[in-house]
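Colleague: Please see the structure below; I have some questions.
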Amino acid sequence: MHRLFATTLTCTAIVFCVSSRPVFGDGSAWLPEPGTGHVSLFYVSQSAEEFYRGTDKRPLPGGGQEDLAQNTVWLGGTYGLNDSFALDVQTGWAKSQFMTGPGIPTPSDSFSGMVDTSVGLTWRIVDEVVSDLPSIALRAGTILAGDYETGFINSLGDGGDGYEVSLVVGRFLGDQVGLSAELGVRNRNENIPGERFANLSGIWFLNDSLTLGVEYRMVNSTSGLQIGGPGFAPNRFPEIEEDTQTVGARLYYSVNENFSLSLFGASVIDGRNAAASGIFGAAASYSFDFL
């Protein structure tokens, strides 16, 4: 399996967000070759004028302006330890803003700082190259809370440490199409509700340079408070039940064997206690070989 394919499937673990908060979980059953890997720098911009109070979609109180927004710069990478294991790391810096009037933010409604960091290890159990089965992998990751304030609608995260575990299955159909599915669970401390998540994706190699990708992502909290419900208060935002369904598309351009660029966009199409965000961004990735 050539390097472009492995990099395409793993280099852009772009976070699709339930509000302005990052969510991890983007494992791949296709691992870099041993001693090789990649680093990626990507920029994500997301904004919302509406949110789901419970499951009821309604405008945010910003006078029809771009009410809730966040811009994030992410740095991530993956390294193939051997034929069966790969290590991945992702961290970043973000700035958020919440409009409280007709386009005029107040100083207290803008935050910036380091977001949550994820460190994961993937174990590929089955490799489709040497098996009739699809590629199958298990990923376990650690989540480390970033340096930010919590308890606000535009906080950069929920402020909890924890872990996530997922099962990933992938299959390459011929020379042009690849399909992948990930199912997992995520648990964190600080009374943050546990989550189940699913990521479905497909890629189509249009030619030697261009690749098109499509994605569907679902995050479902297993419990939590309801906005405006019993026990809810603004300082308990990390404890709310946030559910989202997101669809998106990406276009990858391979400049050469080692360097690639991508553009992507996504939208939250359904949710509970979450912002109806639109998400856009770009990424640059560089593959390396220590062998």
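Colleague: Just give me the residues in segment 205-223 being over 14 Å from residue 244 (Cα atoms) and surrounded by 13 or more Cβ atoms within 10 Å (Cβ to Cβ), in sequence order.
Modeller: 205, 209, 211, 212, 213, 214
Colleague: So, one more: Taking interchain pairs and intrachain pairs at least six residues apart, which have beta carbon atoms under 6 angstrom, with the first residue in segment 189-214 and basic (Lys, Arg) and the second assigned to a strand (DSSP E or B)?
Modeller: That search, which allows pairs on different chains as well, returns 196/185; 196/220.
Colleague: Out of 120, 113, which single residue is within 30 Å of residue 33 (Cα to Cα), of a type in the set (Gly, Ala, Ser) and either modelled with pLDDT of 90 or more or assigned to a strand (DSSP E or B) (or both)?
Modeller: Exactly one of 120, 113 is within 30 Å of residue 33 (Cα to Cα), of a type in the set (Gly, Ala, Ser) and either modelled with pLDDT of 90 or more or assigned to a strand (DSSP E or B) (or both), namely 120.
Colleague: Return only the number of the condition from (1) open to solvent by 40 Å² or more (accessible area, probe 1.4 Å); (2) in a strand (DSSP E or B); (3) in contact with a Ser or Thr (Cβ under 9 Å, 6 or more places away or on another chain) that residue 245 does not satisfy.
Modeller: The single condition residue 245 does not satisfy is (3).
Colleague: Mind counting the residues in segment 128-150 that are open to solvent by less than 40 Å² (accessible area, probe 1.4 Å) and β-branched (Val, Ile, Thr)?
Modeller: 1
Colleague: Among the residues of segment 249-277, count how many are part of a strand (DSSP E or B) and either at pLDDT 95 or above or under 30 Å from residue 81 (Cβ atoms) (or both).
Modeller: Qualifying residue count, segment 249-277: 20.
Colleague: For residue 256, only one of the following conditions fails: (1) open to solvent by 20 Å² or more (accessible area, probe 1.4 Å); (2) closer than 22 Å to residue 203 by Cβ; (3) in contact (Cβ under 8 Å) with a residue 12 or more places away in the chain. What is its number?
Modeller: For residue 256, the failing item is (3).
Colleague: Quick one: how many residues across segment 187-233 are in a loop (DSSP other than H, G, I, E, B) and in contact with a Phe, Trp or Tyr (Cβ under 9 Å, 6 or more places away or on another chain)?
Modeller: Residues that pass the stated criteria total 3.
Colleague: When you scan segment 110-121, do you find a residue that is under 21 Å from residue 185 (Cβ atoms) and open to solvent by 40 Å² or more (accessible area, probe 1.4 Å), even just one?
Modeller: yes
Colleague: Find the residue count for segment 241-253, including only residues that are more than 28 Å from residue 33 (Cα to Cα) and without any contact (Cβ under 8 Å) to a residue 40 or more places away in the chain.
Modeller: Here the count works out to 2.
The values are calculated or read from the model by the stated rules, or taken from the named source; none is laboratory data. Given the structure is predicted, the values throughout are model-derived calculations rather than measurements. Positions of Cβ are generated from backbone atoms using ideal geometry, with glycine treated the same way; all protein chains shown enter the neighbour counts. For accessibility, only protein heavy atoms count, side chains too; no ligands or nucleic acids. Shrake-Rupley method; radii C 1.70, N 1.55, O 1.52, S 1.80 Å.
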